[in-house]
Amino acid sequence: MENITDAKKEGVSDSESKVDSGVPEVPVPPDDTPEVLNKALSGLSSRWKNWWVRGILTLAMISFFFFIIYLGPMVLMMIVLCVQIKCFQEIITIGYSVYHSYDLPWFRTLSWYFLLCVNYFFYGETVTDYFFTLVQREEPLRILSKYHRFISFALYLTGFCMFVLSLVKKHYRLQFYMFGWTHVTLLIVVTQSHLIIHNLFEGMIWFIVPISCVICNDIMAYMFGFFFGKSPKGCCKTWEGFIGGFFSTIVFGIMLSYVMAGYRYFVCPVEFNNDSNSFQVDCEPSELFQLQDYFLPSMLESVTGWTTVRLYPFQIHSIALSSFASIVGPFGGFFASGFKRAFKIKDFANTIPGHGGIMDRFDCQYLMATFVNVYIASFIRGPNPTKVIQQLLALRPDQQLYIFNSLKAHLTEKGLLPALEEAAAA
């Protein structure tokens, strides 16, 4: 009562007092399970009905995943963008419902405007970084690339000023709540999806294996929790599900990596070919994707009878990816579960029957994307001579000559230049 009295003294509206009371009202989405499944599974208990619905829809989603992989990296990037937009819409809709903000002036428009601004910034950075030659060749792209960050800042500043101008005295608190809600959503959703696309440019294997490991852990944790867990609902958030999902994901990651590492289509970076004016996935695989012999520890040697084992180095890295997907990745799901409990909702949406919304399926994927990007930058990626040459060719002739003379002097000092000249003469 004291809090409500203070709120009224400060001139705060009733809706804002309700927010402070911690009892948000979020409408419960109706069950939209296909009628065909409802009729076919009508004789089952709710536990087994949910198991079959989740299983059937999971197989459908996995089949769709294989299909878009077949269509190539550019389609994958478009799917990532679509998923990002849908996740943003689901979280923002919850904010609208919780804070009763449908009557806030311009806020729905501003939320989507900020999404557009942030995507323009991140995708512009990506195009400039990975398609430098194409950008320098096309005059409009070159100008946009040169002033990209200034344009991005100007766009964001416009939205910021529009927000300030839209402030209404009786809705101050609600408007700032939603301003913060929008920006946190952008940080979680847009930034992470941008990292997913960066991982994809390094090679489709860096996109497919991590995502598949998270999916495998989610499925196996649910299976072990359902059949061996002590929870009457068969929840995947049990010790049985956690342990079973961990070991299953490790084995799955190693096997999937072995299969994919042998194909250039999966291991080669996505690059733009100037001659054909198209994107290509073709290269000479690096040592990371070439079979090598590894000596087994004496304990494993005594058990298996093998002295060495032939593996791709990427399979060793896949153990780290699988471990993260199994041990740390679920914390993304726990975070999402805590978020939903805080606002008394079961799912982010009802887009996928038996699974909830798109965000319910990708809550762990975003955390995994950040780890993979950091892992590549820390342990995998080295200097890229191609990018250095592209940047050198964009310099003025006098700058190119300066770098040439500096490099020549450096190689001569190291004693490498005479050897190179003799090899060229021979």
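The values are calculated or read from the model by the stated rules, or taken from the named source; none is laboratory data. On a predicted model such as this, the values are computed, not experimentally measured, just so you know. All Cβ positions, even for glycine, are placed from backbone atoms using ideal geometry, and neighbour counts span all protein chains on display. Surface accessibility is based on the protein's heavy atoms, side chains included, excluding ligands, DNA and RNA. Shrake-Rupley method; radii C 1.70, N 1.55, O 1.52, S 1.80 Å.
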Practice item. Taking the options 379, 371, name whichever one is closer than 24 Å to residue 193 by Cα, among the aromatic types (Phe, Trp, Tyr), surrounded by 11 or more Cβ atoms within 10 Å (Cβ to Cβ) and within 26 Å of the chain's Cα centre (by Cα). Key: 371
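Has segment 392-400 got at least one residue that is more than 22 Å from residue 81 (Cβ to Cβ), of a type in the set (D, E, K, R) and open to solvent by 30 Å² or more (accessible area, probe 1.4 Å)?
Taking segment 392-400 and keeping what is more than 22 Å from residue 81 (Cβ to Cβ), we get 392-400.
From the residues that got through so far, the ones that are of a type in the set (D, E, K, R) too are 396, 398.
Still in the list and also open to solvent by 30 Å² or more (accessible area, probe 1.4 Å): 396, 398.
Yes; the residues of segment 392-400 include at least one that is more than 22 Å from residue 81 (Cβ to Cβ), of a type in the set (D, E, K, R) and open to solvent by 30 Å² or more (accessible area, probe 1.4 Å).
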Check your understanding: Can you spot a residue in segment 350-359 that is without any contact (Cβ under 8 Å) to a residue 24 or more places away in the chain, farther than 30 Å from residue 267 by Cα and among the hydrophobic types (A, V, I, L, M, F, W, C)?
Key -> no
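Name the residues in segment 325-349 that are within 26 Å of residue 253 (Cβ to Cβ) and assigned to a loop (DSSP other than H, G, I, E, B), would you? Let's see the steps before the verdict.
Of segment 325-349, the ones within 26 Å of residue 253 (Cβ to Cβ) are 325-337.
Hits for segment 325-349 are 328, 329.
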Practice item. Say whether the condition of being modelled with pLDDT of 90 or more and within 20 Å of residue 269 (Cβ to Cβ) is met by at least one residue in segment 320-330. Key: yes
Check your understanding: Between residues in segment 294-322 that are farther than 23 Å from residue 214 by Cβ and residues that are among the hydroxyl-bearing types (Ser, Thr, Tyr) and surrounded by fewer than 11 Cβ atoms within 10 Å (Cβ to Cβ), which pairs lie under 8 Å by C-beta distance while being six or more apart or on different chains?
Key -> 295/307; 296/304; 296/307; 301/307
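Checking the structure you have, find out if any residue of segment 350-368 is assigned to a loop (DSSP other than H, G, I, E, B), open to solvent by less than 60 Å² (accessible area, probe 1.4 Å) and modelled with pLDDT of 85 or more.
No, segment 350-368 has no match at all.
What strands (runs of 3 or more DSSP E) completely inside segment 263-324 contain at least 2 residues that are over 30 Å from residue 138 (Cβ atoms) and either among the basic types (Lys, Arg) or open to solvent by less than 80 Å² (accessible area, probe 1.4 Å) (or both)? Full working, then the answer.
Values: elements: 271-273, 278-280, 292-295, 308-311.
In segment 263-324, 292-295, 308-311 are the strands (runs of 3 or more DSSP E) which contain 2 or more residues that are over 30 Å from residue 138 (Cβ atoms) and either among the basic types (Lys, Arg) or open to solvent by less than 80 Å² (accessible area, probe 1.4 Å) (or both).
Being assigned to a helix (DSSP H, G or I), of a type in the set (Val, Ile, Thr) and more than 22 Å from residue 266 (Cα to Cα) narrows it down to one of 215, 188, 211, 197, so name that one. Break it down stepwise before answering.
Working: 215 fails: more than 22 Å from residue 266 (Cα to Cα); 211 fails: more than 22 Å from residue 266 (Cα to Cα); 197 fails: more than 22 Å from residue 266 (Cα to Cα).
After ruling out the rest, the residue left standing is 188.
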Practice item. Quickly run through segment 82-122 and pick out the residues that are in contact (Cβ under 8 Å) with a residue 12 or more places away in the chain, surrounded by fewer than 19 Cβ atoms within 10 Å (Cβ to Cβ) and of a type in the set (Ser, Thr, Tyr). Key: 93, 96, 97, 113, 120
Check your understanding: Is there a residue being buried (at least 16 other Cβ atoms within 10 Å of the Cβ), of a type in the set (Ser, Thr, Tyr) and part of a helix (DSSP H, G or I) anywhere in segment 138-154?
Key -> yes
Check your understanding: Is there a residue in segment 157-177 that is out of contact with any Lys or Arg (no Cβ under 7 Å at 6 or more places or on another chain), touching a residue at least 24 places away in the same chain (Cβ under 8 Å), outside any helix (DSSP H, G or I) and open to solvent by less than 30 Å² (accessible area, probe 1.4 Å)?
Key -> yes
Revision key, fill the gap. The correct count of residues that are open to solvent by 20 Å² or more (accessible area, probe 1.4 Å) and under 24 Å from residue 275 (Cβ atoms) in segment 123-137 is 9
